[in-house]
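Since the structure comes first, as structure tokens, the remarks are kept for the end.
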Amino acid sequence: MKPFDFQRADRLEHAAQLCADEGTRAIAGGTNLIDLMKLQVETPQTLVDIHRLPLGRIDDTDDGGLRIGALATNTATAVHERVRREYPLLARAILAGASQQLRNKATTGGNLCQRTRCYYFTNIDQPCNKREPGSGCGALKGVARLHAVLGTSDECIATYPGDMAVAMAALGAVVEIADAKGHTRNVPVRDFHCLPGDTPWRDNVLEDGEIITAVILPPPVAGRQLYRKVRERSSYAFAMVSVAAIVALEDGRFTRADLAFGGLAHKPWQDPRLSALLLGKEPSAKLFDEAADVLLDGAQSYGENAYKIPLARRTLTAVLAEATGMEL
Amino acid sequence: MPITINSQTYDLPEDNRVTLLDFLRHDLGLPGTKKGCDHGQCGACTVLVDGMRINSCLSLAAMHDGDHITTIEGLGTPAAPSKLQQAFVEHDGYQCGYCTPGQICSATAMLQEIANGWPSDASDSLEGPMVVSGAEIRERMSGNLCRCGAYANIVAAIEDVAAAEDAA
């Protein structure tokens, strides 16, 4: 690990001021950042320890939603009584990720900001436009088993690796962000992460000097909530494909179909055309197939990850069938 | 603020790069906690921080000022082993033994998590009651790898302790 200055922030504004420097990283749980520092993928000049800032609470909001503090651990969120009862999708997504040891340390804000597990990104001997802009993308014609099939660019085909944010995207959650001047802004989770385009080093919309303070869940909605994660072993592995779904039917027709997908793109993937297609229609194998056509319209594979396109189709179909009680 | 490890207090290391794992092993001479992968994948370095299990390899010692850490040395001694330590011996819950301290620290916290009613990915219901089944133990212990493959005996040891606590 490269030497760094270590500062403890006791106030949010102080932390944000310190983080305004490009070479500074905030550290909370550290489960991803320390790993990347050991690999010298991350070489911050200064680490700002924010883990004792008072951002760990999970509180009801006035409108009946839930405000999950940026420093609430993944465990605290997954076991929270209201999360389990009213947002089971989120509890399921968190529990499907990592190990208990990691979830005990990992925080809400850190989980949103976790970096890709692309093998080329984490190996400093390999080219990677995300880690070293302009060096090329090793995965494009290399080992790409876990890589993206939607929203890719010639610069980067990495995936966003997390589960929590996929559920939050489907739930319509909002990221609350503060800066050093005490200003806050809210960004929907669906707009928080970026597609790689020609700026693949940019994972999300956070600017230098901004710190996530919370994720706000809207009031719970009626419907069936499901999170299905397909992976190479049944525990402690990243998603090849995951589907988060909130589905409701009335009189046998879709009245809600909020869907988000993990493992397919550089961000939790959502496509407004899906709910537009499904709403008002009766569930059927044919309809689910049409939904998969919409989802995968424009999908592009890179050798080893070609399996993801049929896998996404089947996983979406299975989730819609389970959510609507259909036997396929 | 100092750090408390197995009821003894220590000053934090001067080098802020030192992980909690290296601090325990190299600075304090507590080699029970093991370094396996050093990347949070194998769980050999599992310790308890205020009762919660974490990977000590992915945590800076400097960030544990004021925390209470329990390592395998703090759970029991050869003369007075903890119930899990005793059960691992009785069930042969290891072969080479390198992952064992992490397995036992992890299992110690896991039984408390189940007692708390916390669900896992293997739980049918998120709201309980939580059961100690083989499937639950395998899922909840998935952050601890055993390259010798002593999993069957590790699960048996944990089941034994859970059953004894249930009967108590």
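Every number in this text was worked out from the coordinates using simple rules, so none of it is lab data. Fair warning: this is a prediction, and the values are worked out from it, not measured in the lab. Positions of Cβ are generated from backbone atoms using ideal geometry, with glycine treated the same way; all protein chains shown enter the neighbour counts.
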>> I'd like the distance between the alpha-carbon centres of region A:132-160 and region A:47-112, rounded to an integer number of Å.
In response: 30 Å
> In the structure displayed, which of A:286/A:308; A:229/A:308; A:130/A:267; A:105/B:34; A:2/A:181 lie more than 22 Å apart, Cα to Cα?
Replying inline: A:2/A:181
> Suppose every K and R has +1 on its Cβ and every D and E has -1 on its Cβ; what is the size of the dipole of region A:1-122 about the Cα centre, in Debye to the nearest 20?
Replying inline: 520 debye
> Just how large is the dipole of region A:188-288 about the Cα centre, in debye to the nearest 20, putting +1 at every Lys and Arg Cβ and -1 at every Asp and Glu Cβ?
Replying inline: 600 debye
> Using a Förster distance of 45 Å, how high is the FRET efficiency between residue B:95 and residue A:154, based on the Cβ-Cβ distance and rounded to 0.05?
Replying inline: 0.40
> What order do you get for A:119, A:236, A:87 when you list them from fewest to most C-beta neighbours inside 10 Å?
Replying inline: A:119, A:236, A:87
> Dividing the alpha-carbon radius of gyration of region B:27-168 by 2.2 N^0.38 Å (N being the number of residues), what value is obtained?
Replying inline: 1.02
>> List the residues, sorted by chain then number, that are 5 or more residues from residue A:224 or on another chain and whose placed amide H is less than 5 Å from its amide H.
In response: A:247, A:248
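About the Cα centre of the protein assembly as shown, what is the dipole size in debye to 20, counting +1 per Lys and Arg Cβ and -1 per Asp and Glu Cβ, all else neutral? Write out the running numbers ahead of the final one.
Working: 47 positive and 62 negative charges, 178 e Å.
So the dipole magnitude of the protein assembly as shown works out to roughly 860 debye.
For the protein assembly as shown, what is the convex hull volume of the alpha-carbon atoms per residue, in Å³?
Details: hull volume 76.7 nm³, N = 496.
So the per-residue Cα hull volume is 155 Å³.
Once the other residues with Cβ under 13 Å from the Cβ of residue A:104 are scored (Lys, Arg +1; Asp, Glu -1), what is the net sum? Spell out each step's value before the answer.
Numbers: positive: A:103, A:105, B:53, B:140; negative: B:50, B:67, B:113.
Charge balance in the 13 Å sphere: +1.
Translational diffusion coefficient, Stokes-Einstein: compute it for region A:53-323 using the Kirkwood radius over C-alpha pairs as Rh, at 37 °C and 0.692 mPa s, and state it as an integer in µm² s⁻¹. List each step's numbers first, then the result.
Numbers: Rh = 18.9 Å.
Answer from the Stokes-Einstein relation: 173 µm²/s.
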> Say the dipole of chain A comes from +1 at the beta carbon of Lys and Arg and -1 at that of Asp and Glu; which of A:225, A:61, A:172 then lies farthest toward its positive end?
Replying inline: A:225
>> For region A:1-73, which GluC sites (Glu not before Pro) pass both filters: DSSP loop (anything but H, G, I, E, B) and at most 12 other C-beta atoms within 10 Å?
In response: A:22
